[in-house]
Amino acid sequence: MKYNPIILQEITMKKIIGTFLLLMFLIPIGWAQPLAGDFRTRQSGNWNDANTWESYNGSTWATAMNAPEVAGTYTIEVQSGHTITLSTTADTTEATVSITINGTVRNTAVTVKPFKATITVNGTYEHAINGGALPIATWNDGSLCSVTGVTTNAGSAALNYSQNFHDFIWDCPSQSTNVTLYWNNITITGDVKILAAGSSSYQLRLTEKTLSNGNFTIDGNLECSAAGKIYSVKCN
């Protein structure tokens, strides 16, 4: 049987192109091979509980021997569907880490020592304490920063409220003082919801008039269902 080499070449090239396109669909964009020492969650739980975590040993993921509070350079992923609670002091000051939050991190700790970290939030971070700084992060589309624990802390520029967020919620029913967020030249690409800010005697001040550029942009909706007052807002 005779074959036309030109037709065979065309068929072969089509197969190659088809295989390449199939691989492009199968391989996730941004996928990166884990390295030995990386951590990811295996279930919901406390941050400092080793049973919450898996670590990569170079060939497979296995239940971690310790929580990710060790010296070194590694990545940490909170997987989608998992809720991780910071209920005691977390200390990673000796670690250089890259943290990705695809699930939920709920911070109820009195003190969280600073991460030397690059933090990316695709899921939810809940700040359930009175005081303490928010993590400086990249808040991607679909992410949520939820502040629920403020009672008497009046806020300051050092608490990292002035960041570009996607969705932002303030839900602090026990707030018993005026609070200023010091928003300054930032953009919220999603919605801002003020659900609770104490009684009507107290104010939530989104910005401060003494700032050189106390402007901010909300691309989505601004919703206020709290008894407290939103102060220092001018709509253009």
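So, of the residues in the range 95-117 that are modelled with pLDDT of 90 or more and assigned to a strand (DSSP E or B), which turns out to be farthest from Asn46 (Cα to Cα)?
Ser98
Please work out if Thr180 is surrounded by 14 or more Cβ atoms within 10 Å (Cβ to Cβ) and of a type in the set (Val, Ile, Thr).
Numbers: surrounded by 14 or more Cβ atoms within 10 Å (Cβ to Cβ): yes; of a type in the set (Val, Ile, Thr): yes.
In short, yes.
Residue by residue through the range 35-53, note down the ones that are surrounded by 20 or more Cβ atoms within 10 Å (Cβ to Cβ) and outside any loop (DSSP other than H, G, I, E, B).
If the condition is that a residue be surrounded by 20 or more Cβ atoms within 10 Å (Cβ to Cβ) and outside any loop (DSSP other than H, G, I, E, B), then Phe39, Arg40, Thr41, Thr52, Trp53 are the ones that fit.
Do we have Leu195 as assigned to a strand (DSSP E or B) and farther than 24 Å from Leu86 by Cα here?
In short, no.
Of all residues in the range 129-159, which are under 16 Å from the mean Cα position of the chain (by Cα), surrounded by fewer than 16 Cβ atoms within 10 Å (Cβ to Cβ) and not hydroxyl-bearing (Ser, Thr, Tyr)?
Residues satisfying the conditions are Ala133, Ile136, Asn140, Asp141, Gly142.
Scan the range 205-218 residue by residue and report those that are under 23 Å from the mean Cα position of the chain (by Cα) and either modelled with pLDDT under 80 or crowded, with 18+ Cβ neighbours inside 10 Å (or both).
Result: Leu206, Thr207, Phe216, Ile218.
Do we have Thr60 as among the β-branched types (Val, Ile, Thr) and in contact with a strand residue (DSSP E or B) (Cβ under 8 Å, 6 or more places away or on another chain) here?
no
For the range 66-90, give me each residue that is touching a helix residue (DSSP H, G or I) at 6+ places or on another chain (Cβ under 6 Å) and of a type in the set (A, V, I, L, M).
Within the range 66-90, Ala67 is the sole residue that qualifies.
Read through the list (1) within 22 Å of Glu208 (Cα to Cα); (2) touching a strand residue (DSSP E or B) at 6+ places or on another chain (Cβ under 6 Å); (3) not hydrophobic (A, V, I, L, M, F, W, C), then give the number of the only condition that Ser143 fails.
The failed condition is (1).
The values are calculated or read from the model by the stated rules, or taken from the named source; none is laboratory data. All values reported here derive from a predicted model rather than from experimental measurement. Every residue, glycine as well, gets a Cβ built from its backbone with ideal geometry; the counts of neighbours run over all protein chains shown.
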